[in-house]
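The values are calculated or read from the model by the stated rules, or taken from the named source; none is laboratory data. None of the values given here were measured: they were computed from a predicted structure. Cβ: placed from backbone, ideal geometry, glycine included. Neighbour counts: every protein chain shown. To get the accessible areas, we keep the full protein, side chains included, count just its heavy atoms, and leave off ligands, DNA and RNA. Shrake-Rupley method; radii C 1.70, N 1.55, O 1.52, S 1.80 Å.
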Amino acid sequence: SGPSRRGPIYFFPSKMAASSRAQVLDLYRAMLRESKHFSAYNYRTYAVRRIRDAFRENKNVKDPVEIQALVNKAKRDLGIIRRQVLIGQMYSTDKLIIENQEKPRT
């Protein structure tokens, strides 16, 4: 994490803010989508929860330099998630009981 006191708030043109926001949303969606491909239930639920928490934690960051650093980290993390999903798919595991439950019939 960083120092508790943030530096000055930078205001940048709305076009830049919009493209930055779009880039962040694309990354968020890509990370969630890719995380849902984990074959192991525990990894899948942990990854989705951790991604949501991390993006929620940083939603008020205004500094363009800090935003870019977070975007770069998210891109690296997305690559890690993709590699881990591929590795996980190489090894078959039985589903957990919680995954095998049928929906109640009405």
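General observations
- Scanning the range 55-69 for residues that are without any contact (Cβ under 8 Å) to a residue 24 or more places away in the chain, open to solvent by less than 60 Å² (accessible area, probe 1.4 Å) and closer than 19 Å to Leu32 by Cβ yields a count of 1.
- The condition (being under 13 Å from Asp77 (Cβ atoms), at pLDDT 90 or above, basic (Lys, Arg) and assigned to a helix (DSSP H, G or I)) is satisfied by just one residue among Arg50, Arg44, Arg33: Arg50.
- Flag for Leu78 being modelled with pLDDT of 95 or more, among the hydrophobic types (A, V, I, L, M, F, W, C) and either exposed (fewer than 14 other Cβ atoms within 10 Å of the Cβ) or in contact with a helix residue (DSSP H, G or I) (Cβ under 9 Å, 6 or more places away or on another chain) (or both): yes
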